[in-house]
Amino acid sequence: MTPLFSIKSGGPASWTIRVACALVLAYVLLWIPTSGSNSLIDTATTALTLMGAALALNLLHGFTGQISLGHSAFFGIGTYTTAVFVTRWGWSPLTTLPVAFAVAFVVGAAVSLPALRIKGVYLALVTLALAVVFPQFIKWPKIAWLTGGARGLTDTGFKFDKDNRTFELFGWNPWGNLRGENVKPFYYWIAVMIVVIVYLICRGLVKSRVGRSLIAIRDNSTAAAVMGVNLPVTKGLVFGLSAAMCALPGCLTAMKGTVTPDTALLTAIGSITFLIVMVVGGAGTLWGPIIGAIVFQFITEKTGDWADPKEIPSALRPIFSWSDVAPAGGIFALALIVLMFTAPHGLAGLWKRVTVRFVSVVPKPAGSSTVDERNVNDKP
């Protein structure tokens with residue numbers, strides 16, 4: 001089917017679309033904390049947390065082809081790094097972000113050593129073991145003095161003054177008095193900052209020469225090695241970087257004030273959730289995890305009250321009214337099955353497949369340059 005329109009990548013039309021999308025995105029990001037309800041802000045903050053973790057996993061699985069079911073442990077490393085440094089040594093939560101990044105990177109690089117010899121389901125089992133062991137390790141009595149054991153830690157967030165709960169950036173306070181519900185936009189903007197950082201790291205890496213090496217490893221590791229890609233070093237660095245980025249949204253969990261080892265995203269359930277979000281949105285695409293997180297959180301929120309049959313829409317009541325538990329997980333599982341049959345590359349792949357029928361993007365010629373070749377040839 002011939003598309004209706006064709007635009008050149010990097011041309012005026014392409015940049016117009018990019019700028020328009022950026023403006024719409026900026027408007028939505030600003031509208032949520034200023035005009036949205038408190039529940040919407042909470043939902044958006046949770047979705048942003050999932051985005052950050054899924055983007056980190058996508059770099060490892062979607063672009064490099066290494067499957068991991070242990071990223072909840074790296075998420076938990078970020079959570080407990082912030083919690084421990086705040087409660088034991090009085091650090092500011094924001095200053096713990098680089099520390100959590102570094103600690104998770106070292107642990108991730110160490111965990112990647114088995115990935116040099118195993119792959120596929122065997123690597124998945126090794127990383128799943130990490131996700132299962134992490135909560136038990138936090139509960140270990142010999143380190144309970146540090147982690148709080150099974151009870152967890154409290155007061156892990158920001159230490160505000162009792163009379164004036166403010167937080168300033170270089171003398172500027174855009175949030176006002178952070179009392180009660182006013183603190184929700186504050187956490188929302190921290191989540192936005194973390195997602196932007198993770199996205200820029202992923203995009204910068206994927207669009208670089210290293211990104212082509214990652215895709216080569218994913219498609220055919222033997223051919224990549226023959227072409228000169230250092231497999232052990234590349235896999236180790238990517239695994240460590242993916243783990244480090246996953247720790248950043250974990251830090252946000254601690255900033256809210258309370259941490260326990262039984263928090264869902266710190267267990268194996270969290271790893272599976274990150275994987276589902278990535279696959280639904282579209283593995284191997286930069287926007288896939290972002291779309292997947294929005295869809296996942298939307299379904300979870302909309303069906304959260306469906307344990308009560310009266311809350312279920314009448315058309316769907318005969319299907320879901322039999323359970324006393326909110327059917328969000330089951331609905332998302334069914335949607336995932338249908339999606340894998342209709343759009344195996346996720347929602348991002350489905351969008352691309354639909355839009356290419358109407359608009360085609362002509363890529364820049366290989367080796368194109370901004371230098372005017374005619375002027376170069378005219379020189380003596």
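Loop-located trypsin sites (Lys or Arg not before Pro) in the stretch 70-149 (DSSP state not H, G, I, E or B) with no more than 14 neighbouring Cβ atoms inside 10 Å: Arg117.
Computed from backbone phi with θ = phi - 60° and the Karplus coefficients 6.51, -1.76 and 1.60, the 3J(HN,Hα) list for the stretch 16-26 is 4, 5, 5, 5, 4, 5, 5, 5, 5, 4, 5 Hz; x is used for glycine and proline.
Kindly identify the stretch 1-149 as rounded, prolate or oblate by the Cα gyration tensor criterion: order the square roots of the eigenvalues as a ≥ b ≥ c, call it rounded if a/c is under 1.5, otherwise compare a/b with b/c, prolate if a/b is larger, else oblate. Judged from the Cα gyration tensor, the stretch 1-149 comes out oblate (a/c at least 1.5, b/c at or above a/b). The angle between the Cα long axis of helix 328-342 and the longest principal axis of the Cα atoms of the chain comes to about 10 degrees, rounded to the nearest 10. If amide hydrogens are placed 1.01 Å from N in the peptide plane, which non-local residues have theirs closer than 5 Å to the one on Val359? Those lying under 5 Å, H to H, from Val359 are Leu4, Phe5.
When the Cα positions of Ile41, Leu350, Ile190 are compared along the charge dipole of the chain, Leu350 comes out farthest toward the positive end, with charges on each C-beta of Lys, Arg, Asp and Glu.
Evaluated with a Cβ-only charge set (Lys, Arg +1; Asp, Glu -1), the chain carries a dipole of roughly 860 debye about its Cα centre, given to the nearest 20. Taking amide hydrogens as modeled 1.01 Å from N in the peptide plane, which residues meet the under 5 Å criterion relative to Thr258, leaving out close sequence neighbours? Under 5 Å from the amide H of Thr258: Thr156. Secondary-structure-derived ellipticity at 222 nm for the chain, considering helices only, amounts to -20000 deg cm²/dmol, per-run term -39500 (n - 2.57) for DSSP H runs with n ≥ 4. Between the helical axis of 209-219 and the longest alpha-carbon principal axis of the chain there is an angle of about 80 degrees. What the pair-distance distribution of the chain shows, using all Cα-Cα distances binned every 20 Å from zero, is 24, 55, 20, 2, 0 percent. Across the chain, Cα pairs under 8 Å and at least six residues apart give a relative contact order of 30 percent.
Ordering of 332-341, 291-300, 91-100 by packing is 291-300, 91-100, 332-341, highest average first (other Cβ atoms within 10 Å, averaged per residue). Across the stretch 67-168, the relative contact order, built from alpha-carbon pairs under 8 Å that are at least six residues apart, equals 39 percent. Once both labels are positioned 7 Å from their Cα atoms along Cα-to-Cβ, the gap between Ala315 and Ala150 label points is 4.7 nm. Atom-type composition of the exposed protein surface of the chain places 66 percent of the accessible area on carbon and sulfur (1.4 angstrom probe). Computed over protein heavy atoms with a 1.4 Å probe, the accessible surface of the chain works out to 55 Å² per residue.
The values are calculated or read from the model by the stated rules, or taken from the named source; none is laboratory data. Just so it is clear, the structure is predicted and the values come from calculations on it, not from any experiment. Positions of Cβ are generated from backbone atoms using ideal geometry, with glycine treated the same way; all protein chains shown enter the neighbour counts. In case anyone asks, the SASA skips ligands and DNA or RNA and just uses the protein heavy atoms, side chains included. Shrake-Rupley method; radii C 1.70, N 1.55, O 1.52, S 1.80 Å.
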